[in-house]
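To start, the structure itself, in structure tokens.
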Amino acid sequence: MLETMYYIVESIESDYANLRRTDAPSNDLKLVARALLPPEIAEGTKLKYEMMQYSILQE
């Protein structure tokens, strides 16, 4: 079963972004290649990971 996860972009470093999970308690950052993320991300962008894809949460 595929799980839906929520993240916030903590920082962007060259071709990678550090994501912090917001829907589960964790102090760990997840390093993700920017090629896998929507091109318009910035620090503070909220993301949803579902069906092996990241998308920006519209609020």
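Here are some notes:
- Complete set of residues in segment 11-42 that are open to solvent by 50 Å² or more (accessible area, probe 1.4 Å) and either within 19 Å of Q58 (Cβ to Cβ) or among the basic types (K, R) (or both): R20, R21, T22, D23, K30, R34, P39, E40
- Matching residues, segment 1-44, being of a type in the set (S, T, N, Q), touching a residue at least 24 places away in the same chain (Cβ under 8 Å) and assigned to a loop (DSSP other than H, G, I, E, B): T4, T22
The values are calculated or read from the model by the stated rules, or taken from the named source; none is laboratory data. Just so we're clear, the structure is a prediction, and the values are computed from it rather than from any experiment. Glycine also receives a Cβ, built like all others from the backbone with ideal geometry; neighbour counts cover every protein chain displayed. Heads up: the accessible areas ignore ligands, DNA and RNA and are worked out on the full protein's heavy atoms, side chains in. Shrake-Rupley method; radii C 1.70, N 1.55, O 1.52, S 1.80 Å.
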